[in-house]
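To start, the structure under review is shown below, and the notes come after it.
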Amino acid sequence: MTDVNDVLADNRAAVNDLIAAAERSGAAWSTPRAPGKWSPSQVVEHVALALEESANVVSGTPSKFPTFPAFVRPVVRRLFFNRVLKKNAFPKAKTTKAFNPATGPSTPALARVRLEGALGRFDQGCRARAASGQNVVSTIFGTVAVEDYAKFQELHTRHHCKQMPGAT
């Protein structure tokens, strides 16, 4: 199993990559990349929201993530969560209304502050959960290892990095 410190360092690197992409977006910062798509500012806000709510999940506090019936969670874990981890890539998917931002930070500098704050909460929550020896209990996936939940978030952030202008 991967060490929580390594996975959280990978999360930090993914957020740093997103911040760097945000800072390179220039005049495109608040312009959607295509009709019906998000602007770089909205991408940042979506990732920040996901990290904040994931921090709530690892801390055991209520989150805005949907609650799936307990009998569905193992299926979602196997068909979505585990597949993301196995393929080391996040698929194209629609988000829920709570994570569909109308706007985002007004500047890349504010995006940095927003992402670093959200990542800090997520990092702290993961470290506390790992130190307790407890798994994460997700209302979507059921019970998963802290390291796997953190890896999932890293892959989510990297998925959205690819949506930024000039991304490779």
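A few notes on this one:
- Scanning the stretch 68-82 for residues that are without any contact (Cβ under 8 Å) to a residue 40 or more places away in the chain and over 27 Å from Gln124 (Cβ atoms) gives Pro69, Phe71, Val72, Val75, Arg78, Leu79.
- Scanning the stretch 39-70 for residues that are β-branched (Val, Ile, Thr), farther than 13 Å from Thr157 by Cβ and not in a loop (DSSP other than H, G, I, E, B) yields Val57, Val58.
- Cβ-Cβ contacts under 6 Å between residues 6 or more apart (or on different chains), taken from a first residue in the stretch 45-67 that is over 19 Å from Ala102 (Cα atoms) and of a type outside the set (D, E, K, R) to a second residue that is open to solvent by 30 Å² or more (accessible area, probe 1.4 Å) and not in a loop (DSSP other than H, G, I, E, B), are listed as Ala55/Arg121; Val58/Arg129.
- Summed over the stretch 94-117, residues that are more than 14 Å from Val43 (Cα to Cα) and of a type in the set (A, V, I, L, M, F, W, C) total 2.
- Residue, farthest from the chain's Cα centre (by Cα), within the stretch 146-166, restricted to residues that are in a helix (DSSP H, G or I) and of a type in the set (A, V, I, L, M, F, W, C): Val146
- Within the stretch 71-91, restricting attention to residues that are in a loop (DSSP other than H, G, I, E, B) and over 17 Å from Ala145 (Cα atoms), the residue that is nearest to the chain's Cα centre (by Cα) is Phe90.
- Selected residue (only one of Lys92, Lys97, Lys87 is surrounded by fewer than 19 Cβ atoms within 10 Å (Cβ to Cβ), without any contact (Cβ under 8 Å) to a residue 24 or more places away in the chain, more than 20 Å from Lys162 (Cβ to Cβ) and not small (Gly, Ala, Ser)): Lys97
- Flag if Ser63 is open to solvent by less than 60 Å² (accessible area, probe 1.4 Å) and at pLDDT below 95: yes
- Number of the condition not met by Ala22 [criteria: (1) closer than 18 Å to Ala98 by Cβ; (2) in contact with a Pro (Cβ under 9 Å, 6 or more places away or on another chain); (3) surrounded by 20 or more Cβ atoms within 10 Å (Cβ to Cβ)]: (1)
- Out of Ala22, Ala98, Ala14, Ala50, sole residue that is touching a His at 6+ places or on another chain (Cβ under 7 Å) and either within 26 Å of Val113 (Cα to Cα) or polar (S, T, N, Q) (or both): Ala50
- Qualifying residue in the stretch 24-38 (condition: within 25 Å of Ala150 (Cβ to Cβ), small (Gly, Ala, Ser) and either assigned to a helix (DSSP H, G or I) or under 20 Å from the mean Cα position of the chain (by Cα) (or both)): no
- Which listed residue, of Arg12, Arg112, is modelled with pLDDT of 95 or more, closer than 14 Å to Leu155 by Cα, of a type in the set (Lys, Arg) and open to solvent by 60 Å² or more (accessible area, probe 1.4 Å): Arg12
The values are calculated or read from the model by the stated rules, or taken from the named source; none is laboratory data. A quick note: this is a predicted structure, and the numbers were derived from the prediction, not measured. Please note: Cβ atoms are built from the backbone with ideal geometry, for glycine as well, and neighbour counts cover all protein chains shown. Remember, those area values only see protein heavy atoms, side chains included, never the ligands or the DNA or RNA. Shrake-Rupley method; radii C 1.70, N 1.55, O 1.52, S 1.80 Å.
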